[in-house]
Each structure stands twice: as structure tokens, then as C-alpha cells.
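Read through the structure below, which is laid out as C-alpha cells, and then see the notes.
The values are calculated or read from the model by the stated rules, or taken from the named source; none is laboratory data. Since this is a predicted model, take the numbers as computed values, not measurements. Backbone-built Cβ (ideal geometry, glycine too); neighbour counts: all protein chains shown.
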Amino acid sequence: MSELGAARNPEAPGWQPSPLRRPPEPVAESAGLLHAAGRSVEPPELLQWLFERPWMLAVVFCAAYLAIDAGTDVFAIGPARSTPWNPQAALALTLVAVGGLRFAPIVVIAVVLAELLVRQAPAGGASMFAALAAGLIYVAAGYLVRRLTRWTRAEVSPRDLSALVLIAFGTSLAVALLVGPAQALAGLIALSSLHLVSLQVVVGEALGLIVAAPPLLLLASGAWRLELVGAERRGQFGRDLMFLALALAVLLTLIFELRPFDEFRLSYLTFVPMVPFAMRHGLFGAAIAVPTAQLGLMVALMVTESRAATAFEYQMLVLALALTSMYIGVLSSERERAARRLATHERELREQRDALAETQRTAATAELSAALAHDLNQPLSAIGTYARAARLVAERGEIDRDKLFHILDQIAAASSRAGQYVRRMRDFFRTGSMQSERVAVEDLIGRAGAHLRDRIDRAGIRVETSIEPGLPPLRIDAVQAGAALDNLLGNAIDALAAVPPPRRIVVLARRQADDRRPLLRITVQDTGPGVPEELRSQLFKPLATSKPHGMGLGLALSRSIAERLGGGLSFDAASSVTTFHLDLPIDEHRNE
Amino acid sequence: MNTETNDLNVTGSWVYVVEDDASVRDSLSLLLQLRGFSTAVYDSAEAFLGADAFERPACVLADVRLPGMSGLELQRKLSDHHAALPFVVMTAHGDVATARMALRDGAVDFLEKPIDEQDLMDAITVALRSDHAQVERARSREGVLARMQRLTERELEVFERVTGGFHNREIAEEFGISQRTVEVHRARLMEKLQARRVADLFRIRFELDGASAVASPPKTLS
């Protein structure tokens, strides 16, 4: 089953490769996801078929119950024939847990029949009454498992395992309290040995439930599909189980047949193959391995013709083995599931991040070209309009030469403005072709101011510049650094449009103490309304803007320019007025 | 009262240019002046709104993207005003959404930069003609209103009944006066309203009902 399952899984029904997503490369991961999410928990078809035919189910169940009861009726102790493990109880519990209370009568009938046929109890006696009560206890236990745990419907947690163990012990205690006194009443056992018989019943019942109930519950409900740990290992499940059986066989032979020491001294060795198997194959692995070990032990005890009392002593070992293996298995399953969820989550996160980055890139490109078109269109529009005006002037009989010259000068100016803009954009886009030049700080700031002189004057803004004396010249691409500075000043001018005069911009240039390298910090402050709180975190992202018609690219571009130049651009949130810092390197020995 | 303005000469009317780019602003103003329009230029929407009373007829030629208040906001502000100036918007973006918004808010036209001269002239002409018509309508409505003020109470009532489609006989019955008296009232009010025919009265009534800022609206007939 397992090899086929692993190979077929990616094409399993319901699996549809989404065209927008990357195809899932790690098959194991996608298959695991499928199990966690897609597969519903359903009993096997045969069982469903039987559920619809209660009479047939009753016959099959009673037959199976009697067969198991009879089959495990070895090492029975005393005239009451209490056996060291009662897996048939697990069968009863499973039927109610998976099928529901409607099958309770079948369970009770099977238990009573077994008492009559297997132990040949006299009909109507106290032991018959005890059997009836035991059947009802099994029904109650099954109902509790169905209501309180997730064994039959979802992934099993350690809490569910503990609940099952508690229910198993509760059931066995209840049965022991019934069976012992009943048998004593019937005169089958002496009152003096009541406590011993009761203990034997508790162990036999509890062990039967703990060993057999987990695999039966998982298989009958179909929940075992959820418990397969690491889909890539399913192909190895059969192989590993074979190895386990082999290892157990070798160990049991060593312990019981070769007997280098007293068999008890070596019995702990059975833990050695069980623990790694449970680790590797999770709860379902443990649920299969424990009955395997139990069967092996029973066979070994039978072959060596041990005494029944010895068999009981070994049941304690199996109990410890079962609980240990199952807890290890359930933890391993949990860990595997958590790791899988984490991996899925991480992949989704990565995909989201990639998609976001891609969107931003696309948007930035679109916005950038729109900004480029806008800034080129302005001078082009002016040129066209001036040219038409010039024509109108020239068409007149009496040519106004001064006017014509003015217009032509304006055309030339607008054209050179457009050319300058194109050059600047080209420089910006052409990565790595930065032209370093020595430029004095005063010149850099002066040029930027000159670009914006017109707007500054119109808005009635007072610009205060303060430059630390004795600064070394910068060795940077002056056009690009100027563009970043232009942008900061332009933002300041725009911000000031929203407030009444007096309007003030402060530009400071001073050496910045940095641990690693000397930097020049140009600070631009304005007395505008400030940056809205909600915008601060994404100030430097493209498309973030507080201007109703801004492109939201300026600061993002300026920062990338500054960083490309080896500096940085930051917003000073601590300052009381809007403050931006443009850092530029002043390394004299910079060679570019 | 002539609303046929398609061949109206609009030269000499005012064009208010609102544009923040100095060269674009200057070139547009120059071209429009050479084409015979009067121009006034503003570098922002705020500057335009702060200006004194406007000469009419006129129109606004504004860029969409302005520092501070945008061109679209300016347009909205002006259209709230009851004497709305016709608006022509320009953009260097050519984006459809903005154009649609501007046109929905009542812009006459949407010009893409670089601006084609013919498009500009067409848009300006349409805008100015529409303002001419608006100014004309306002002027005629004012005249009608002034004349209506001169009617007596009874004459106003008779005016309403007549324009409501009632016969003289019905009016006489309603007020308990003779038909002859109704005819006298009617003749006098037609004289005061400078109406030659009954049809003129209907047109006056129509004009008054259509006006939003009528001082004393005629009472409705039940």
C-alpha cells in the first residue's frame, strides 16, 4: 500500500496545479499539505458497507470478537480464566467510538456470547450479569472516546492519547470491580485471592485497550491517513516495519531462547527498536509497532512455555513499552506537522513578499515613466505654444522684433530645460555610470537653490543656508546629488504652500560624526505642516505621498540615489519641524 | 434673448490661465493675447481664488497638477459657485481617470500637453461662448425680474392664472370680478412685462420657473 500511495499522491483527486503559482517542486511537501488539508476522515468502504447493514455487522462483529477472545485465551489464570491481555475490549470500544451508540446492543450481545461460549459460563449466573455489565462499560468507554477525543476524526494530540489511556484504565478498573466480586460470589475464586485476580483483570483489560485500541481506532475511522508522518517515508513504512519485526524477533530469541542471563534483565532491550520506529513513523507507526511487539512476546512466551504468572509480569513491560512508544509517536507526529505548517507558512510568506516586490517594481516603473512624461511634456508644451505665438508675431505686417526675440529665447530655454531633464534621467537609469567630480558643498547647495529660485520667490519663502566652514570638497556625481537635494527642497516648497507666511526653509551642511567614515550631512528643514503620522513609516516607499497629485516617487528615488552615492537619506522623526537628512560621503581618497 | 451663440465673436473676452510652470504659463498667455483674448495669469489655485472680481464673459484654463489646491479642486469650488466660470483643464499626464473626473464635474474640455493650438482655440471658444450665453441669460433674467416687481398683487395673480392655462371667464369666476376687469388687468400686465402676445407671457413664466435665484417665485397653481 505504501509504495503505491507515495507514487500516486501528487495526482490524487482534488489536486489541481494552480497556473498562477509556482508548481510545487518538493513533492513530499505538497503531498503532506494535501493530507493535512484535503483528505477527509472516512471509515474504510467495507466498514461503511457494514454500518448500513446492522445484522451483517452484528454477525461479523460477534464472530471477530469471539475469535479474538478465544485466540487470546492463553495463559488464562485460575478457574475464572482471566487472560493477560484482552484485545477484544478494544474491538468493542472501537465499534462504539467509530459507529456511535446505535451499535451498543451488538457490543453487549457479543460480550455476553463470549462469556457463554468461550468461558462456558453458566447462563443466568453472576458471571453472566458481570459480562452484561462489562459490555455496557465498553459501550460507555467507546462513547467517551467518541465525545472527548479526536481519535476518530482529526489529528491526535498528546492530550487525546492521555485521554485514551485514562479511559482504558478507568474501564479496566470498572470491569475488575465487577468481575472479581462476581466470580467470588459464584464461588469460582476464594475471597483471599480477590485482590490478585482484580489486579490481573485490570492489567489484562488495560493492556488490551492500550495496545489494540489505537490501531483499531485509527484504521476503522480512516484517521490513520492523517497520522502518516512525512509522506516521503510512507514508501519506507513497510520496509521499516519488517526491520522492526526482524529486530524484535532477534531480541526475543536472544532474551528467551538463548537466555544469556535471566530473561527479565534483558527485556528492556525491546525498547531499542521500538523508540526509533515510533520517532520515525509517528503515532500510527507506534500504534502498529506495539501490537507487533505484543504478538512477538506472546509467541515467545508460548514457545518457551512460560508460566502464566510470568506472562502477567511481562504484560507490565509491554504496558511501559506501549505508553512510551505511543507518546514518542504522538510527539513526533506533532513535531512533523508543526514543521510542515511552518514550512508552508514560510513559503506563502515568501511568495507574498515576492509578489509584493514585483508589484512595487512594476508600479515604480509605470510611475517613473509617467513622471518622466510629465516633466518632459511641460517644456515641450511651452516650446510648441511659443512657436505658434512666434508665427503669429511674424505673420503681422509690422514685426515686433523684441517680442519675437523674447519668444525665441524662451523656446531655447525651454528646450535646454527638457534636454537637461533627459540627461539627468539617463544618468540616473544608466547604472554604474556615475561621474565623480569634485564639487564644493556651497556649489551643490547653490545650484539646487538656483533651479528652484523661481518657485521660492513666488511662494515668498526665506531660505536660510548655514554651511560649516572648512568642509572638504565632495567627490560625487553632482547631477545626481543635486537631484536628490532638489527633491528635498521641492518637497519643502510644496509643504510650505499649505501654510500662511512667514515661510522658511533652513539648509544646514556640516560634518557628521560617523564611526566608519566621514560624511557630510545636509539637513533640509521647513516650517510646513509636517509629515502625517500614518505616512512616516512608508515615507521612502514608492507611491507614498501626501501631495494630492504627487507621484510619490521623489523620496524613494532620492534615497536610492543617495545610497548609490555611498550616503543615505533619512527623515528625522524626533525633530519638531519637518527635517530630512541627506548624507553624502566626503572621502578624499574615494576613487570612482 | 438670443441664445444662438455659435457664430458669436468671443475675441476680447477674458481667459484666466492657472498654471505653475512659468514657461507654459507665459507661452499660453502670449499666444492667447496674440489671438486677441485678454489674459490674466495665476501660478496657483489659491492665487486665482484670491483675485478680485472677474471680468465676464470669461473662462478658466487651468493645469490639473498645481502646488496646493489642485486644478480639479479649483474646478469643483468654482462649480459650487452659482456664477460658474467655464473651465478648461490641461495636464501633462494624459491620464484618463483625471480627464473623466474633470469632464464629469463639468469641464468644457480636457487638453493634453503638449497642447495643440487648434484644440486650445476650440476649447476656449466653446467655453467663452457658453459663458456669453450664461451672462446673457443672467442679464435677461434680471430684466424680467425687475419688470415682475412692477406688477400689482392682482396682476401677479392674473399672470399666474393666464400662464397656468386658465380662460378669462374662469379667472373672473375665481376672483369674483367681471371678465372685463380681468381683460384690463391682463392688458396692463402685458404692457408692464413688455409682452406682445400671450406666448411671451408663457416664455417669461418658463424663464422664471427655470431660474434658481428668483426673488419672489410665482405661487404654484393648485
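Among the candidates A:Tyr314, A:Tyr327, single out the residue that is out of contact with any Asp or Glu (no Cβ under 7 Å at 6 or more places or on another chain) and modelled with pLDDT under 90. Walk me through it before giving the result.
On the way: A:Tyr327 fails: modelled with pLDDT under 90.
Of the residues listed, the single one that is out of contact with any Asp or Glu (no Cβ under 7 Å at 6 or more places or on another chain) and modelled with pLDDT under 90 is A:Tyr314.
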Specify the residue that is nearest to the other protein chains (Cβ to nearest Cβ); the eligible residues are those in the range B:78-97 that are in contact with a helix residue (DSSP H, G or I) (Cβ under 7 Å, 6 or more places away or on another chain) and either within 19 Å of B:Asp21 (Cα to Cα) or modelled with pLDDT of 80 or more (or both). B:Ala92
Looking for something under 17 Å from A:Arg564 (Cα atoms) and either part of a loop (DSSP other than H, G, I, E, B) or assigned by TED's automatic domain parsing to the domain that holds A:Asp494 (or both) - is there at least one such residue anywhere in the range A:450-471? no
Going by the conditions given, is B:Leu128 in contact (Cβ under 8 Å) with a residue 24 or more places away in the chain, buried (at least 19 other Cβ atoms within 10 Å of the Cβ) and within 14 Å of chain A (Cβ to nearest Cβ)? no
Tell me, which residue of the range B:104-121 that is part of a helix (DSSP H, G or I) and not polar (S, T, N, Q) is nearest to the other protein chains (Cβ to nearest Cβ)? B:Glu117
How many residues are under 12 Å from B:Leu28 (Cα atoms) and within 7 Å of chain B (Cβ to nearest Cβ) if we restrict to the range A:380-393? 7
Could you list, in sequence order, the residues of the range A:454-469 that are within 24 Å of B:Ser44 (Cα to Cα), away from every other protein chain (no Cβ under 11 Å) and surrounded by fewer than 16 Cβ atoms within 10 Å (Cβ to Cβ)? A:Gly460, A:Arg462
Restricting attention to the range A:117-138, which residues are part of a helix (DSSP H, G or I) and surrounded by fewer than 22 Cβ atoms within 10 Å (Cβ to Cβ)? A:Leu117, A:Ala126, A:Met128, A:Phe129, A:Leu132, A:Ala133, A:Leu136
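Per-residue answers, yes or no, for (1) in a helix (DSSP H, G or I); (2) not small (Gly, Ala, Ser); (3) not assigned by TED's automatic domain parsing to the domain that holds B:Asp131:
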{"site": "B:Asp26", "(1), (2), (3)": "yes, yes, no"}
{"site": "B:Gly36", "(1), (2), (3)": "no, no, no"}
{"site": "B:Thr39", "(1), (2), (3)": "no, yes, no"}
{"site": "B:Glu73", "(1), (2), (3)": "yes, yes, no"}
{"site": "B:Val88", "(1), (2), (3)": "no, yes, no"}
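With the structure loaded, tell me whether B:Arg65 is over 13 Å from B:Ile115 (Cβ atoms), among the basic types (Lys, Arg), within 9 Å of chain A (Cβ to nearest Cβ) and in contact (Cβ under 8 Å) with a residue 12 or more places away in the chain or whether it fails that test.
yes
Find the residue count for the range A:150-161, including only residues that are in a helix (DSSP H, G or I) and either aliphatic (A, V, I, L, M) or touching a Ser or Thr at 6+ places or on another chain (Cβ under 9 Å) (or both).
Of the range A:150-161, the ones in a helix (DSSP H, G or I) are A:158-161.
From what is left, the residues that are either aliphatic (A, V, I, L, M) or touching a Ser or Thr at 6+ places or on another chain (Cβ under 9 Å) (or both) are A:159-161.
Summing the residues that are in a helix (DSSP H, G or I) and either aliphatic (A, V, I, L, M) or touching a Ser or Thr at 6+ places or on another chain (Cβ under 9 Å) (or both) in the range A:150-161 gives 3.
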Could you please find all residues in the range A:238-283 being in contact with a Pro (Cβ under 8 Å, 6 or more places away or on another chain) and closer than 16 Å to A:Ala322 by Cβ? A:Leu244, A:Leu248, A:Leu283
Residue under question is A:Glu351, and the condition is that it be outside the structural domain of A:Arg564 (by TED's automatic domain parsing), out of contact with any Gly (no Cβ under 6 Å at 6 or more places or on another chain), in a helix (DSSP H, G or I) and at pLDDT below 80; does it hold? no
Is there a residue being away from chain B (no Cβ under 14 Å), in a strand (DSSP E or B) and at pLDDT below 85 anywhere in the range A:571-589? yes
Report, by residue number, each residue of the range A:483-511 that is away from every other protein chain (no Cβ under 14 Å), crowded, with 17+ Cβ neighbours inside 10 Å and either in contact with a Pro (Cβ under 6 Å, 6 or more places away or on another chain) or over 30 Å from B:Ala47 (Cα atoms) (or both). A:Leu508, A:Ala509
Have a look at A:Val479, A:Val506, A:Val531 and point out the one that is assigned to a strand (DSSP E or B) and within 53 Å of the chain's Cα centre (by Cα). A:Val506
For A:Glu367, state whether it is more than 9 Å from chain B (Cβ to nearest Cβ), in a helix (DSSP H, G or I) and either out of contact with any helix residue (DSSP H, G or I) (no Cβ under 8 Å at 6 or more places or on another chain) or at pLDDT below 75 (or both). yes
Any hit, the range A:418-428, residues being within 13 Å of chain B (Cβ to nearest Cβ), in contact with a helix residue (DSSP H, G or I) (Cβ under 9 Å, 6 or more places away or on another chain) and modelled with pLDDT of 80 or more: yes
